[in-house]
């Protein structure tokens, strides 16, 4: 094998189409764009969602539902989960800062405690919301809750 005999594998390279370079290029005349019509123009850009005269899908399908702009989206923790978190992260207080430090919530999340499961640990809670059952269960376990 010599350096001057090296060449690419058969079919791995191909020459580019030289558009708009006259009849001798083999792509003269209309430069492979066809005859007349908007699509042969250099500035042609098809509108998003266009289906060429067929009714577009976003107009064929009906509108469904709505998005409530007043919705308050809470990050929910059940009482059953709290015991597991206390053991895993050795928490004495459930607050937004302690949950953020553990990586369980984002800085802007709102936290709500729900009454699903049992709470065994005596803890203080500083959260954005809690159900009535959760409040009773926390106080019954000897803890306290403060709604921020």
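Here, each number is a calculation from the coordinates, and none is a lab measurement. Remember, it's a predicted structure, so these values are computed and weren't measured experimentally. Because the Cβ atoms are built from the backbone with ideal geometry, glycine has one as well, and the counts that use them run over all protein chains shown.
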Residues being surrounded by 10 or more Cβ atoms within 10 Å (Cβ to Cβ) and in contact with a helix residue (DSSP H, G or I) (Cβ under 7 Å, 6 or more places away or on another chain) - total across region 31-74: 2
Residue 80 being surrounded by 10 or more Cβ atoms within 10 Å (Cβ to Cβ) and over 30 Å from residue 138 (Cβ atoms): no
Leading residue by the ranking (farthest from residue 76 (Cα to Cα)) among those in region 120-148 that are within 34 Å of the chain's Cα centre (by Cα) and in a loop (DSSP other than H, G, I, E, B): 148
